[in-house]
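Student: Pasting in a structure now, in structure tokens, and then I'll have a few things to ask.
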Amino acid sequence: MQAFKSNSPRAYLVGVLAGILLLLSPLVAPDGEPMIYKVRIGQTIGAFAAANNLRMSTSDDPRPSAIAVVGKEDWMSIFLKETDSIIRYEDGIFGTDLPIGTSLLLGQEGGVITDLSVHVYAEDYAFEKTDRSARLLIDQLLKSGWKAIQLHYPKDAEDKNSTGREIFYATLVSASGNQLIVSLAPYLDPPEFQMDIEIYASDEFRDRRREIVAARRFALRNESDNSSLRLWIDDPDWTPEKLGMKLIDVPNPKWDPNNHLSGHKIFKRWQMPDGTIEPLFQ
């Protein structure tokens, strides 16, 4: 199995996790059954809140069913810490109910969900039990039409691979281009493990979201809150094209064909209707 590159979904998640997490109070279903969160890649934060009866809050509201967005930026992750919640992942015919999780992490770019991560709950975290659960999940997904990009079934708890302390199992892809990664991570004292499930939008989708976010920041460059998540909550359908902006090629003045550290020869940058161009280097 090849090691993940620095621009891989896993590396991207590490960068997102470096940001401040937006915390939701735990929710408990009235009948004592596990909570069900319906979520899909490409869904806006507002639509996610509406689908799951979560109220958008303009302050750090500690009460359940409230998402505090004040002071949050357009790249910060949303972290839901639960003890028993089912993640109903929606992806057309590839959608599925993920195993009951202890937490859900939503990555977002400009108020649109680009990735999610679930820590799966288990009564017994012994390797043999979590290994069996991981294999069953992967087999179910493959039977439902997901395709395997990478697949590794470890012989034992010591059968590590390029993910370091984690034990990698599979990278699967659906027809939409979304990728699902299954791995086991050390839990409490080894040899106990917890199954982690991560789902990411395609590279093309995430790149497009970053471009749109960069455009809005540039369009609002003279305002102090040009990277606020609140902007995207209030106007989730904003696009640079509506403002008359266009993406153009800009030569890199530092480019040197003999120096691989000089960067790309050409950069994509946004141009305003008046001709003002987004700076090459921030």
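Student: Within 30 Å of MET245 (Cβ to Cβ), open to solvent by 30 Å² or more (accessible area, probe 1.4 Å) and not aliphatic (A, V, I, L, M) - does that describe any residue in segment 181-191?
Tutor: No: zero hits.
Student: May I ask you to list the residues in segment 247-260 that are in contact with a helix residue (DSSP H, G or I) (Cβ under 9 Å, 6 or more places away or on another chain) and either outside any strand (DSSP E or B) or among the hydroxyl-bearing types (Ser, Thr, Tyr) (or both)?
Tutor: Here is the first cut: in segment 247-260, the residues in contact with a helix residue (DSSP H, G or I) (Cβ under 9 Å, 6 or more places away or on another chain) are 247, 252, 254-256.
ASN252, LYS254, TRP255 - these are the residues of segment 247-260 that are in contact with a helix residue (DSSP H, G or I) (Cβ under 9 Å, 6 or more places away or on another chain) and either outside any strand (DSSP E or B) or among the hydroxyl-bearing types (Ser, Thr, Tyr) (or both).
Student: Can you find a residue in segment 76-93 that is more than 30 Å from ARG135 (Cβ to Cβ), surrounded by fewer than 16 Cβ atoms within 10 Å (Cβ to Cβ) and at pLDDT below 90?
Tutor: No, every residue in segment 76-93 fails to be more than 30 Å from ARG135 (Cβ to Cβ), surrounded by fewer than 16 Cβ atoms within 10 Å (Cβ to Cβ) and at pLDDT below 90.
Student: Here's a check for you: in segment 244-260, which residue that is open to solvent by 80 Å² or more (accessible area, probe 1.4 Å) and touching a residue at least 24 places away in the same chain (Cβ under 8 Å) is nearest to ILE277 (Cα to Cα)?
Tutor: Checking each candidate, the answer is LYS246.
Student: Hey, could you check segment 100-157 for residues that are among the β-branched types (Val, Ile, Thr) and in contact with a Lys or Arg (Cβ under 8 Å, 6 or more places away or on another chain) and say which is most open to solvent (accessible area, probe 1.4 Å)?
Tutor: Checked segment 100-157; the qualifying residue most open to solvent (accessible area, probe 1.4 Å) is THR102.
Student: Is there a residue being part of a helix (DSSP H, G or I), over 30 Å from ALA47 (Cα atoms) and not charged (D, E, K, R) anywhere in segment 261-281?
Tutor: Going residue by residue through segment 261-281, those that are part of a helix (DSSP H, G or I) are 261-262.
If we keep only those that are over 30 Å from ALA47 (Cα atoms) as well, we get 261-262.
Checking which are not charged (D, E, K, R) leaves us with 261-262.
Looking for residues that are part of a helix (DSSP H, G or I), over 30 Å from ALA47 (Cα atoms) and not charged (D, E, K, R), one finds at least one in segment 261-281, hence yes.
Student: Also: Looking at SER224, SER202, can you tell me which residue is of a type in the set (Gly, Ala, Ser) and either open to solvent by 60 Å² or more (accessible area, probe 1.4 Å) or without any contact (Cβ under 8 Å) to a residue 12 or more places away in the chain (or both)? Give the derivation first.
Tutor: Details: SER202 fails: either open to solvent by 60 Å² or more (accessible area, probe 1.4 Å) or without any contact (Cβ under 8 Å) to a residue 12 or more places away in the chain (or both).
Of SER224, SER202, the one residue that is of a type in the set (Gly, Ala, Ser) and either open to solvent by 60 Å² or more (accessible area, probe 1.4 Å) or without any contact (Cβ under 8 Å) to a residue 12 or more places away in the chain (or both) is SER224.
The values are calculated or read from the model by the stated rules, or taken from the named source; none is laboratory data. Keep in mind that what you see is a predicted model, and the values were worked out from it rather than measured. Note: ideal-geometry Cβ built from the backbone for every residue, glycine included; neighbour counts use all protein chains shown. Just so you know, the surface numbers come from the protein's heavy atoms only, side chains and all, with ligands and any DNA or RNA stripped out. Shrake-Rupley method; radii C 1.70, N 1.55, O 1.52, S 1.80 Å.
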